[in-house]
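The values are calculated or read from the model by the stated rules, or taken from the named source; none is laboratory data. Since we're looking at a predicted model, the values are computed, not measured. A quick note on method: Cβ atoms are made from the backbone with ideal geometry, for glycine too, and the neighbour counts reach across all protein chains shown. Please note that ligands, DNA and RNA were not included when accessible areas were found on the heavy atoms of the full protein model with its side chains. Shrake-Rupley method; radii C 1.70, N 1.55, O 1.52, S 1.80 Å.
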Amino acid sequence: MLKTLRKSASGIVAKILMVLLILSFAVWGIADVFRGFGSQTLATIGDSEITVPEFRQLYQERLQQISQQLKRGITPDQARAFGIPDQILNEQLAEAALNDQAKSLGLALSDEEIARRVQSNPAFFGPSGSFDPAHFNQLLRSNGFTEARFVAAERGLALRQQLIQSLGGGIEVPQVLKSALARYEGEERSVNYAMLTAASLTAPANPSDDELRTFFDERKVAFRAPEFRKINVLVLTPEALASSETVTDAEVEAAYNANLSTYGTPEKRVVQQLVFPSADEAKAAADRIAAGTPFADIVAERKLSAKDVDLGDVARADIIDKQVADAAFSLPADGTSGVIAGRFGPVIVHIGAITPGTTQPLAEVAPAIRAALQVNAARRAMLATYDKVEDDRAGGAPLAEIASKASLPLQAFDTSVQGQGPDGTAIASFPGRAEVLRGAFATEVGAENDPAQLPQNGGYVWYEVETITPPRDRTFEEARAQVLDRWKQDQTAQALDKRLEEIKAKIAAGTPFDQAVTEAGLELRAANGLRRGRTADGVPEDIMAAVFETPEGGVGSSLAEAGDSRLLFQVLRASVPETAATDEKLLSDLRTSMENDLMTEYLVELQTRLGARINRAALDQIVGTDAVN
């Protein structure tokens with residue numbers, strides 16, 4: 001979320017994040033012995049501590065994201081092979097090291113500077129093009145952040161920027177490297193390619209129960225149920241209080257009469273307007289019209305067309321000149337006015353067709369008016385109810401008792417941190433979803449929590465955790481549908497890979513690429529002028545990296561469509577320009593990379609001085625048991 005909110009901030013943010021990602025345990029040299037710390041401590045560096053709960057939550061979220069991208073579960077062995085645990089812990093350790101060093105150096109940032117940074121961030125600009133407090137708060141809440149939490153994170157980021165910005169500032173890219181980069185960037189390639197999709201395969205037959213059970217047993221951790229919490233939620237909104245507000249019939253009628261124009265359609269008239277340069281000319285024309293000369297003849301004599309005088313089929317409110325509007329809506333159909341002292345000179349208007357206005361009777365709109373008046377009255381009374389709820393909470397009353405006293409419903413949700421029920425489907429209506437879930441999964445059973453505010457209507461949500469169900473292994477019967485789906489995905493992936501290798505083998509044996517693709521029943525496509533880091537119309541982005549890793553004349557392949565398909569291609573030509581201009585963005589990225597090298601060395605030196613230690617037993621327990629489905 002912070003990355004999204006800060007995407008318009010300075011480039012140093014990206015530099016920090018990149019450094020956090022490129023460190024490895026080999027660089028840190030973390031001690032394997034961990035003594036003298038609590039059971040909830042995973043790692044320390046300097047005076048900073050990383051706890052088991054925060055790492056576990058971040059680890060599960062990262063696995064969930066990767067699983068969704070791959071559309072299959074990740075086993076602990078696969079997660080370790082990908083280096084996911086190391087990467088996450090490295091990010092946390094590197095950030096903690098910078099925080100510790102910033103604190104030891106006494107770096108600080110004023111509240112005024114933090115406010116300036118936030119208010120100047122385009123991510124928080126509203127329609128007016130400037131900082132919008134309502135948009136800012138809504139964006140934070142929708143991403144599960146309170147203002148205080150975001151400001152604290154932003155302050156920490158700013159202090160880290162102060163610490164490391166001096167390391168990378170002023171670096172210049174050598175000319176030799178610029179020239180090499182220009183040639184690298186300017187290289188163009190032409191390819192023929194084809195796509196293999198699951199639709200081209202025969203769907204696999206359903207497995208037997210024994211096969212499916214074996215598949216499940218080998219990947220049981222991938223179907224593990226996450227932690228669930230039963231959360232009691234009390235929602236206070238104007239709508240929730242509206243039914244208790246009394247609105248009389250007289251109040252409904254008064255509101256109806258005061259807003260009569262909103263309960264129907266206004267009268268409309270086809271209006272023509274003729275503006276004169278002087279009052280004398282206008283009076284002469286009016287006299288002729290009164291004597292029987294048609295308005296259209298006067299218009300023609302002045303060498304004007306219908307479009308020059310037409311205002312169109314308009315309502316009274318559409319005519320900006322009040323004098324003209326009053327006169328136009330006092331005339332009968334086909335009537336012509338006398339001289340009107342208009343805003344832009346003397347005017348004569350002529351009326352064509354008239355479309356009468358309509359008004360809904362009070363009886364039809366009374367229920368809606370009453371409901372709106374009740375909500376408005378409830379909005380005024382809501383703060384008093386809020387104070388009563390807070391007083392009862394301060395007195396130790398549970399939410400169920402408070403809800404009963406306030407005549408408000410108490411809702412209960414059995415949910416994961418992603419807002420899903422035990423059946424794996426998303427809970428459709430969850431008040432204050434992001435903020436409540438984040439808070440509920442960071443608190444304890446029965447603990448009192450600050451209410452979340454609802455941006456859409458100014459309401460409030462109080463919540464408390466009633467019970468916690470720890471993560472557990474699902475039985476085969478519980479996970480059967482998911483297991484079957486994953487089995488089919490795996491079978492399809494294996495079949496695609498097998499067919500791809502068969503075509504590759506045929507090409508390697510001497511069959512021309514075009515012929516092999518055509519005989520396989522695939523559509524042959526061509527793409528020319530491909531360049532690194534650029535998209536081309538009709539060419540899948542998935543192919544680009546693999547194309548430039550394959551030699552001229554070579555055949556390669558890549559995953560496509562999020563792993564659901566495969567791309568097979570042949571590089572026909574590769575050309576490198578002798579001279580070319582280097583893209584400024586690429587130069588900037590290279591400069592950033594050089595700065596990151598310096599930052600990495602700095603962070604390694606910090607680790608040497610601060611000393612990073614890790615609770616290996618706790619890490620192995622998390623990595624060995626906490627996977628996602």
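Roughly speaking, what is the stretch gain from Leu304 to Glu211, that is 0.36 nm per residue apart minus the C-alpha to C-alpha distance, in nm to one decimal?
Working: separation 93, 0.36 × 93 = 33.48 nm, distance 8.67 nm.
Computed gain between Leu304 and Glu211 is 24.8 nm.
Pairs spanning more than 29 Å between alpha-carbon atoms, out of Lys230/Lys488; Lys498/Lys585; Lys103/Lys178; Lys283/Lys303: Lys230/Lys488; Lys498/Lys585; Lys103/Lys178.
Using helices alone, what [θ] at 222 nm do you get for the chain, with -39,500 (n - 2.57) per DSSP H run of 4 or more residues, divided over all residues and rounded to the nearest 500?
On the way: 25 runs with 304 residues, N = 629.
When only DSSP H runs of four or more count, the value is -15000 deg cm²/dmol.
The distance separating the Cα centre of the range 216-288 from that of the range 178-210 comes to 50 Å.
Rg over Rh for the chain works out to 1.10, using Cα positions for both radii and the Kirkwood form for Rh. Take the Cα radius of gyration of the range 380-530 and divide it by 2.2 N^0.38 Å, N being the number of residues; the result is 1.89. Mind grabbing the base-10 log of I(q)/I(0) for the range 103-212 at q = 0.10, 0.15, 0.19 Å⁻¹? Debye formula, identical points on the C-alpha positions, no solvent, two decimal places. Relative scattering, expressed as log10 I(q)/I(0), comes to -0.73, -0.83, -1.05. If one takes the longest principal axis of the Cα atoms in the chain, at what angle in degrees, from 0 to 90 and to the nearest 10, does the Cα axis of helix 362-394 lie? So the inclination is approximately 40 degrees.
Computed over the range 290-331, the P(r) tail beyond 14 angstrom holds 59 percent of alpha carbon pairs.
Short-range pairs are left out: with C-alpha atoms under 8 Å and at least six residues apart, the relative contact order of the chain is 30 percent.
The shape of the range 86-147 comes out oblate: with a ≥ b ≥ c from the C-alpha gyration tensor, a/c is at least 1.5 while a/b does not beat b/c. Compared with the dominant principal axis of the Cα atoms in the chain, helix 209-218 is inclined by about 80°. What a 1.4 Å probe finds exposed on the range 377-495 is 49% carbon and sulfur by accessible area, rounded to a whole percent. Helix 279-290 axis versus longest C-alpha principal axis of the chain: approximately 70°, rounded to the nearest ten. Per residue, the chain exposes 52 Å² of solvent-accessible protein surface, assessed with a 1.4 angstrom probe and all protein chains in place.
Would you tally the net charge around Glu502, using a Cβ to Cβ cut-off of less than 14 Å, leaving Glu502 out, and scoring K and R as +1, D and E as -1? Can you show the working numbers first?
Numbers: positive: Lys498, Arg499, Lys504, Lys506, Arg566; negative: Asp497, Glu501, Glu519.
In short, +2.
With a Förster radius of 30 Å applied to the beta-carbon distance between Thr600 and Arg183, the computed FRET efficiency rounds to 0.65.
Which of rounded, prolate or oblate describes the range 442-484 when judged by the alpha-carbon gyration tensor and an a/c cut-off of 1.5? Walk me through the numbers before you get to the answer.
On the way: a/c = 5.44, a/b = 2.01, b/c = 2.71.
Oblate, since a/c reaches 1.5 and b/c is not below a/b.
Fully extending the segment from Glu172 to Leu105, taken as 0.36 nm per residue of separation minus the present Cα-Cα distance, adds 21.3 nm. For the range 281-439, the fraction of C-alpha pairs more than 21 angstrom apart is 70%. Calculated FRET efficiency, Glu147 to Asp318, Cβ-Cβ distance, R0 = 56 Å: about 0.80 to the nearest 0.05.
What ranking of Leu105, Leu530, Leu362 comes out by heavy-atom accessible area, probe 1.4 Å, highest first? Let's see the in-between values first.
On the way: Leu105 100, Leu530 0, Leu362 55 Å².
Largest accessible area first, the list is Leu105, Leu362, Leu530.
Distance distribution P(r), the range 146-271, all Cα-Cα pairs, bin width 5 angstrom from 0: 2, 5, 4, 4, 5, 6, 5, 6, 7, 11, 10, 9, 9, 9, 6, 2, 0, 0 percent.
Listed values for the range 484-501 are Karplus-derived 3J(HN,Hα) couplings in whole Hz (6.51 cos²θ - 1.76 cosθ + 1.60, θ = phi - 60°), namely 4, 4, 5, 4, 5, 4, 5, 5, 5, 4, 5, 5, 5, 4, 5, 5, 4, 5, and x replaces Gly and Pro. Accessible area ranking (1.4 Å probe, heavy atoms, ligands and nucleic acids excluded), largest first, for Asp210, Asp297: Asp210, Asp297.
Specify whether the C-alpha gyration tensor of the range 533-622 places it in the rounded, prolate or oblate class, a ≥ b ≥ c being the square roots of the eigenvalues: rounded for a/c under 1.5, otherwise prolate if a/b is larger than b/c and oblate if not. Verdict is oblate for the range 533-622. Summing +1 for each Lys or Arg and -1 for each Asp or Glu among the other residues whose beta-carbon sits under 12 angstrom from that of Val465 gives -4.
Contour minus end-to-end for Ala397 and Glu549, with contour as 0.36 nm per residue of separation and end-to-end as the Cα-Cα distance? Mind showing how you got there, number by number?
Details: separation 152, 0.36 × 152 = 54.72 nm, distance 6.60 nm.
Length gained between Ala397 and Glu549: 48.1 nm.
In whole angstrom, note down how far apart the Cα centers of the range 89-135 and the range 468-535 are. After rounding, the separation between the Cα centres reads 43 Å. Counting only protein heavy atoms and using a 1.4 Å probe, the accessible area of Trp487 comes to about 30 Å².
Computed in the context of the full set of protein chains, the accessible area of the range 202-244 at 1.4 Å probe radius has 44% of its extent on carbon or sulfur. Using DSSP to call loops (not H, G, I, E or B), can you name the chymotrypsin sites (Phe, Trp or Tyr not before Pro) in the range 101-154 whose Cβ has at most 14 other Cβ atoms within 10 angstrom? Here no chymotrypsin sites (Phe, Trp or Tyr not before Pro) fit, given the DSSP loop and packing criteria.
Heavy-atom accessible area for Arg117, with the other protein chains in place and a 1.4 Å probe, reaches approximately 50 Å². Farthest towards the positive end of the charge dipole of the range 378-504, among the residues Ala493, Thr415, Phe441, is the Cα of Ala493, using unit charges on the Cβ of Lys, Arg, Asp and Glu.
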